[in-house]
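Notes follow the structure.
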Amino acid sequence: MSQLSTKAVELPTAKGIVPVKLAHFVLKTSNYNAMVDWYVKVLNARIVLAKPHVSFLTFDEEHHRLAIVNAPRLGLHNPNTCGMDHIAFTYNSLGELLATYKRLARERIYPRWPFNHGNTISLYYQDPDGNRVELQVDIFPTARELQEYFENDPHYATNPLGAPIDPERMIAQFEAGVPFSELVKVPPFAEGVTPMAILDDMGLGQKDV
């Protein structure tokens, strides 16, 4: 009987190896049905598998981008603990992001913190458990332009947070044909509003929330 010969195979050099993508995230909740319904609406997702103990959701070719686990024993979310602050999803264009805002507004789902960060237009939502989800669009088309903004823009140097925006006003300007370059300029803060107050409201400052 002949024996099959084997050839040694070396693992690739580990240096420089990085993940090829962020595949999915998993949430556990005691508010199962409401959480599944919220993420289906917000991400325009479809349910791949729904069971009493877990649901798998996706919005693209990936088999699942989110799993929601039903754990009735869990207590309420406490914002004054360490952990992940939010997860962000990027849209192809400002028009798509604003259209998503309008779609969710019809479902009475509104962002708690609509923001122009200078590098992104970002709409921060909170799910029924208090987890934050950022829907965003990039302002700069290339990584090089973004890096130049971080390194050289005087406004970013003095205010890296950006400022709140009014999505309804931005939609009206967008539909009126206001150029993209004007739409994405960081607006001034409203009187009496400070970056620190916003960070405190988001649970990222010094106050308890």
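The values are calculated or read from the model by the stated rules, or taken from the named source; none is laboratory data. This one's a predicted model, so the numbers in the text were calculated from it and none came from an experiment. Please note: Cβ atoms are built from the backbone with ideal geometry, for glycine as well, and neighbour counts cover all protein chains shown.
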- Of the candidates PHE56, PHE25, the one satisfying the condition of being under 28 Å from VAL137 (Cβ atoms) and under 17 Å from the mean Cα position of the chain (by Cα) is PHE25
- Restricting region 28-45 to residues that are hydrophobic (A, V, I, L, M, F, W, C) and not in a loop (DSSP other than H, G, I, E, B), which is farthest from the chain's Cα centre (by Cα)? ALA34
- Message: Any residue at all in region 139-156 that's within 30 Å of ILE68 (Cβ to Cβ) and surrounded by 11 or more Cβ atoms within 10 Å (Cβ to Cβ)?
- Response: no
- Please specify each residue of region 186-200 satisfying the condition of being surrounded by 12 or more Cβ atoms within 10 Å (Cβ to Cβ) and among the charged types (D, E, K, R). ASP200
- Query: So, in region 155-208, of the ones that are under 20 Å from the mean Cα position of the chain (by Cα), of a type outside the set (Val, Ile, Thr) and part of a loop (DSSP other than H, G, I, E, B), which residue ends up nearest to PRO79 (Cα to Cα)?
  - Reply: GLY203
- Name the pairs whose Cβ atoms lie under 6 Å apart, with the first residue in region 137-159 and acidic (Asp, Glu), the second part of a strand (DSSP E or B), and 6 or more positions between them or separate chains? ASP138/THR120
- Which residue, of PHE150, PHE180, PHE174, is within 30 Å of GLY83 (Cβ to Cβ) and hydrophobic (A, V, I, L, M, F, W, C)? PHE150
- When you look at ALA99, is it surrounded by fewer than 18 Cβ atoms within 10 Å (Cβ to Cβ), out of contact with any Asp or Glu (no Cβ under 9 Å at 6 or more places or on another chain), of a type in the set (A, V, I, L, M, F, W, C) and without any contact (Cβ under 8 Å) to a residue 24 or more places away in the chain, yes or no? yes
- Wholly inside region 78-129, strands (runs of 3 or more DSSP E) that include 2 or more residues that are under 23 Å from GLU182 (Cβ atoms) are 113-116, 120-126
- Quick check, is ARG132 of a type in the set (Lys, Arg) and over 21 Å from the mean Cα position of the chain (by Cα)? no
- Message: Looking at VAL48, VAL69, VAL9, can you tell me which residue is outside the structural domain of ASP201 (by TED's automatic domain parsing) and not in a strand (DSSP E or B)?
- Response: VAL9
- Query: For region 15-31, what are the residues that are farther than 17 Å from ALA88 by Cβ, among the small types (Gly, Ala, Ser) and exposed (fewer than 13 other Cβ atoms within 10 Å of the Cβ)?
  - Reply: GLY16
- Inspect all residues belonging to region 91-105 and state whether any of them is within 15 Å of the chain's Cα centre (by Cα) and among the charged types (D, E, K, R). yes
- If we keep only residues of region 157-172 that are of a type outside the set (Val, Ile, Thr) and surrounded by 14 or more Cβ atoms within 10 Å (Cβ to Cβ), then the residue farthest from TYR101 (Cα to Cα) is ASN159
